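Structure first, then comments.
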Amino acid sequence: ASFLLLCFRTSLVTPLIFGLLLQPPLTQPSIITQPNIVLLMADDLGIGDVGCYGNDTIRTPNIDLLAKEGVKLTQHIAAAPLCTPSRAAFFTGRYPLRSGMDAINNYRVIFWNGGSGGLPPNETTFAKILQQQGYSTGLIGKWHQGVNCESRNDHCHHPLNHGFDYFYGMPFTLISDCQPTETPEMDRVFRGKLWLYTQMIGLVALTAALGRVTGLISVRWKTLTCLVGFSLLFFVSWFSSYGFVQRWNCIMMRNHEITEQPMVTDRTTSLILRESISFIERNKHKPFLLFLSFLHSHTPLLTTEKFLGRSRHGLYGDNVEEMDWMVGQVLNAIDKEGLRNTTLVYFASDHGGWLERQEGNRQLGGWNGIYRGGKAMGGWEGGIRVPGIFRWPGVLPAGTVIDEPTSLMDIYPTVVHLAGGVLPQDRVIDGRDLIPLLQGKAEHSEHEFLFHYCGIHLHAVRWHQKDSGAIWKAHYVTPIFHPLGAGACYDRGFCPCFGEGVTHHDPPLLFDLSRDPSEAKPLSADTEPLFDAVIRKIGRAIEEHRRTLTPVPEQLSVYNVVWKPWLQPCCGTFPFCWCDKEGDN
């Protein structure tokens, strides 16, 4: 009888123990369920433009509140210093070199909606994995990862082919050419040369024609006809693209449909905000991913009348303050729908501020605080160190500041983990899951080394020596600033990655960012006892890293970058492309 009683008690206790063991921890219920994910990315915003990162003249109360209620990263690093490659790395969790999205030439971004380069269809974005996990996925705003491959409507690079259920915004990027009153920005120097060559060829043709008519020059009519024909052909060959930049590149799309060609810039901000809030409202009853990719604060700095003249930093400051207001409106929409505690919000910039962007006395680019360099500079901190803020009430500790190296590529494994997805096993993923670090369960970042590319050229490497706290950074290539000591390439508008505009360093310039974050005083073997050991350690890391690289098609090759009429998205019958469906509504 006692044996039967023991068996009976065991049969009752065993399921109870197993049931308790299988219960999820009560301290972090949101990690088990799928949170909503809202990713906010500014365009060309400098880390020094935000209040919580030290700016006390541009007002960013909503971004500052995010940091106060969440976690602020002070060493958040972009994988590239320009839009297209940085965002490719963000979407894929991989250095852009791995997907062919970094440049082998001076064309370092997608240049045309009618180009054939873009984020390859075989790349797996975090949006695609979240889509498979049951998320509603939306992208509002800037894409800049290409549109078509072989025909006008194949949409092989389009957001809807990369895991997004819904897209509203610019397939390209905002540029000054989109605003007729602004000075053209796209390929300005090259365009000027084409005009000069056209005028020279035209002058030769005109001189030959006048000489033939007056009898001063002996030129056969056949030769003259060929010369005039060549002049016209040369002009048409480039003016058919560069003469209509606003029409070809400045378009708005909803999914695969073009809604504005060219875009009406006066209402762009309100439409993007309306679409973002509408997406949240439509999808509040199931997990959603919203990537709000701001057109702010890229030139021409589209700013509504309400915010003009409000800041102490001219039009650029006005534009940043308007973007901050938009962040507040999105956060209010999340609160209004009761989603505050079930939504992870992330804010960042795609790279550093554009120091050289000026018109006369007007500074139209951002400020990178104490950090040297800016946009387009692959090695210097000012080009790649960006704001990075996470908020998730009840899960991430409020008011936390983390001074560990992290990357925009880390968003990929972080959101995939939160959605219950699995990282692709057939490729290298360079990002690391940030949740343990953000929650305070990990003391250090998982990144030991970060590699800083300018195009396909390795300019610098960062080594986080965790046992000592040192953050060593070796520069193998740096741009030559002009004027000397100016801190940027004001003569070119962009600093180059290779050629006569850069200096190669052997031995490399070495800094310890933990002591010298401004990279002002390079170390040497005479001033730093560990100099040789650090350089050897970084050199071995580079060798290991390069062994993980495999050849892939170059998406930013000259052929892929040039404008192709047969790939140009068109609302109407090409070349008569025009529509305003928002105005019709």
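The values are calculated or read from the model by the stated rules, or taken from the named source; none is laboratory data. Nothing here was measured: the structure is a model prediction, and the numbers come from that model. In this analysis, Cβ positions are derived from the backbone assuming ideal geometry, glycine residues included, and neighbour counts consider all displayed protein chains. Just so you know, the surface numbers come from the protein's heavy atoms only, side chains and all, with ligands and any DNA or RNA stripped out. Shrake-Rupley method; radii C 1.70, N 1.55, O 1.52, S 1.80 Å.
Within the stretch 405-434, the residues that satisfy the criterion of being farther than 25 Å from CYS497 by Cα, open to solvent by less than 10 Å² (accessible area, probe 1.4 Å) and hydrophobic (A, V, I, L, M, F, W, C) are ILE411, VAL415, VAL416, LEU418, ALA419, LEU434.
Checked against (1) in contact with a Lys or Arg (Cβ under 8 Å, 6 or more places away or on another chain); (2) over 26 Å from CYS577 (Cβ atoms); (3) among the hydroxyl-bearing types (Ser, Thr, Tyr); (4) not in a loop (DSSP other than H, G, I, E, B), SER311 meets all criteria but (4).
Right, VAL386: assigned by the TED database to the domain that holds ASN55 and touching a strand residue (DSSP E or B) at 6+ places or on another chain (Cβ under 6 Å) or not? Steps first, please.
On the way: assigned by the TED database to the domain that holds ASN55: yes; touching a strand residue (DSSP E or B) at 6+ places or on another chain (Cβ under 6 Å): yes.
Yes: the conditions hold for VAL386.
The set of residues in the stretch 91-108 being open to solvent by 10 Å² or more (accessible area, probe 1.4 Å), at pLDDT below 95 and within 12 Å of HIS457 (Cα to Cα) consists of ILE104, ASN105, ASN106. When GLY138 is tested against the conditions (1) within 22 Å of HIS298 (Cα to Cα); (2) in contact (Cβ under 8 Å) with a residue 40 or more places away in the chain; (3) in a loop (DSSP other than H, G, I, E, B), the lone failure is (3).
I need the full set of residues from the stretch 480-493 which are in contact (Cβ under 8 Å) with a residue 60 or more places away in the chain and either assigned to a loop (DSSP other than H, G, I, E, B) or of a type in the set (Ser, Thr, Tyr) (or both), in order please.
Scanning the stretch 480-493 gives GLY487, ALA488, TYR490, ARG492, GLY493.
For the stretch 162-275, the strands (runs of 3 or more DSSP E) that sit wholly inside it and include 2 or more residues that are under 30 Å from PHE307 (Cβ atoms) and within 21 Å of the chain's Cα centre (by Cα) are 166-170, 252-254.
Being in a helix (DSSP H, G or I), over 17 Å from the mean Cα position of the chain (by Cα) and in the same structural domain as PHE288 (by the TED database) narrows it down to one of VAL345, VAL395, VAL330, so name that one. Spell out how you get there, then give the answer.
Working: VAL345 fails: in a helix (DSSP H, G or I); VAL395 fails: in a helix (DSSP H, G or I).
Unique residue meeting the criteria: VAL330.
Here the condition is being in a loop (DSSP other than H, G, I, E, B), within 14 Å of LEU139 (Cβ to Cβ) and either modelled with pLDDT under 95 or in the same structural domain as PHE90 (by the TED database) (or both); of LEU295, LEU301, LEU290, it holds for LEU295 alone. Filtering the stretch 559-585 to residues that are closer than 27 Å to HIS452 by Cα and surrounded by 13 or more Cβ atoms within 10 Å (Cβ to Cβ) leaves ASN560, VAL561, VAL562.
Of HIS457, HIS504, which residue is closer than 30 Å to GLU554 by Cβ and surrounded by 15 or more Cβ atoms within 10 Å (Cβ to Cβ)?
Values: HIS504 fails: surrounded by 15 or more Cβ atoms within 10 Å (Cβ to Cβ).
Unique residue meeting the criteria: HIS457.
Scan the stretch 359-380 and give yes if some residue there is under 23 Å from ASN62 (Cβ atoms), among the aromatic types (Phe, Trp, Tyr), open to solvent by less than 30 Å² (accessible area, probe 1.4 Å) and touching a residue at least 12 places away in the same chain (Cβ under 8 Å), otherwise no. Scanning the stretch 359-380 turns up no residue that is under 23 Å from ASN62 (Cβ atoms), among the aromatic types (Phe, Trp, Tyr), open to solvent by less than 30 Å² (accessible area, probe 1.4 Å) and touching a residue at least 12 places away in the same chain (Cβ under 8 Å).
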